[in-house]
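**Q** Here it is: the structure, laid out below.
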Amino acid sequence: MTGSAGHLGEALVTVLAARGHDVVGLDVVDSAATTVVGSVTDRAVVRACLAGVDGVLHTATLHKPHIVSHDRSSFVDTNIAGTLVLAEEAATAGVRAFVFTSTTSTFGRALAPAPGAPAVWITEYVVPLPRNVYGVTKTAAEDLCELVHRDRQLPVIVLRVARFFPESDDDDERLAYPDLNVKVNEFLYRRVDIEDAVTAHLLALDRAPSIGFGRYIVSATTPFVPADAGALVEDAPGVVRRLFPDQEAEYRRRVWTMFPAIDRVYDNARARTELGWAPRYDFRYVLDRLKADEDPGSDLARAVGSKGYHARSRG
């Protein structure tokens, strides 16, 4: 497990350990979930960590918020070179499965519809158009994973994971909304609970040998269908009211607002079909929790909590 001190890394270590697995957690940051303090760019450290290992979960990365604190070469070193080192050494060690945590940010500029166009329906067939160095390096790392799979027969699953972090949104336009309001809205089209993200990773670990190589979007199951795309950019509240007649009253009670427009929708159908993934946390589930005055997040999300972002690169 790389990135064991991060949100997803800690969650995965916690769940795997509870299921009786022996987990080696690698991170540049020491933590309760970290076994070895070191970087994925250090081939000797990686090789030692892989001794006797059956599967690899590679969550270590520099994230989008690190763009303001790290230069582009740091992103290349950690996200690209580190992934290549890990994949090559995993192939040499003969691991049965390699799961790479990528991001829906790889789609980048492909997420924005042209003026007057409907919301973009995002599947694995949409060609990525990275917007920044984060997206560029994660896309390149995906391709390196596929290359190692083809050259070395390493079973690899790439998971393009939607946002799951509890930290506040870094988009200035969202600051006008209460933070939880933003996150609940996003369960309609671009967010996943960390519990569901963990489940997807464990299924990918199990299915990788039979699949060989695959890319999958990991996001909450959207209630929308492609026929809604035009209305979503013109009147998203109207579409949501039609699908969830009880939503408006609950939002009024909380003095919340639905986004006026939704510009993209992540479709997780392929992950549900090919991985057998059944995410639990969707907008219906979350809305029902809110109506019952319960925390809409999972117990695992609360246990991991908020971490912020480390000042130095996580490897």
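Taken together, the values in this text are just the output of simple stated rules run on the coordinates, not laboratory data. Note that this is a predicted model, so its numbers are computed, not measured. Every residue, glycine as well, gets a Cβ built from its backbone with ideal geometry; the counts of neighbours run over all protein chains shown.
**Q** Before anything else, pin down the relative contact order of the chain: Cα pairs under 8 Å, at least 6 apart, normalised by residue count, whole percent.
**A** Value for the chain: 22 percent.
**Q** Moving on. Of L287, A249, V99, whose Cα points farthest to the positive end of the dipole of the chain (charges on the beta-carbon: +1 Lys, Arg; -1 Asp, Glu; origin at the Cα centre)?
**A** Final value for the positive-end residue is V99.
**Q** A follow-up question, please. For the chain, what is the mean residue ellipticity at 222 nm derived from helices alone (per DSSP H run of n ≥ 4: -39500 (n - 2.57); sum divided by total residues; nearest 500 deg cm²/dmol)?
**A** The per-residue figure over the chain is -12000 deg cm²/dmol.
**Q** To the nearest 20 debye, what charge dipole does the stretch 33-160 have about its Cα centre, counting +1 at the Cβ of each Lys and Arg and -1 at the Cβ of each Asp and Glu?
**A** 240 debye
**Q** Let me ask something else about it. In debye, nearest 20, what is the charge dipole magnitude of the chain about its Cα centre with +1 on Lys and Arg Cβ and -1 on Asp and Glu Cβ, if you could check?
**A** 280 debye
**Q** Considering only C-alpha atoms, what is the centroid distance from the stretch 176-244 to the stretch 80-129, in Å?
**A** Cα centroid of the stretch 176-244 versus Cα centroid of the stretch 80-129: 16 Å apart.
**Q** Toward the positive end of the charge dipole of the chain, about the Cα centre and with charges on Cβ (Lys, Arg +1; Asp, Glu -1), which of S39, L159, F75 goes farthest?
**A** Going by the Cα projections, it comes out as L159.
**Q** Sticking with this structure for a sec: Compute the helix-to-body angle for 194-211: its Cα long axis versus the longest principal axis of the chain, expressed 0 to 90° and rounded to tens.
**A** Approximately 50 degrees, to the nearest 10.
**Q** Find the percent of Cα-Cα distances in the stretch 227-315 that exceed 17 Å, and round it to a whole number.
**A** Beyond 17 Å sits 66 percent of the P(r) for the stretch 227-315.
**Q** Taking the Cβ of R150 as the center, what net charge do the other residues with Cβ under 15 Å away carry, scoring Lys and Arg +1 and Asp and Glu -1?
**A** Value of the local net charge: -3.
**Q** What is the packing order of peptides 116-129, 257-270, taking the mean over residues of other C-beta atoms within 10 Å and listing the highest first?
**A** 257-270, 116-129
**Q** Another question, then. Express the relative contact order of the stretch 145-296 as a whole percentage, based on alpha carbon pairs under 8 Å and six or more residues apart in sequence.
**A** This gives 30 percent for the stretch 145-296.
**Q** Using Cα atoms only, what is the angle between the long axis of helix 82-93 and the major principal axis of the chain, expressed in degrees (0 to 90) to the nearest 10?
**A** Between the helix axis and the principal axis of the chain, the angle is about 50 degrees.
**Q** Add +1 for every Lys or Arg and -1 for every Asp or Glu among the other residues with Cβ under 12 Å from the Cβ of V198, and state the total.
**A** -3
**Q** How would you rank 96-109, 28-41, highest first, on the average number of other Cβ atoms within 10 Å across their residues?
**A** Listed from highest to lowest mean packing, they are 96-109, 28-41.
**Q** What's the Kirkwood radius of the stretch 147-290 in Å, using all Cα pairs?
**A** Averaging 1/r across every pair of different Cα atoms and inverting gives 16.5 Å.
**Q** Pairs of lysines 8 or more apart, or on different chains, with alpha carbons under 21 Å: count those in the chain, would you?
**A** Lysine pairs meeting the criterion: 5.
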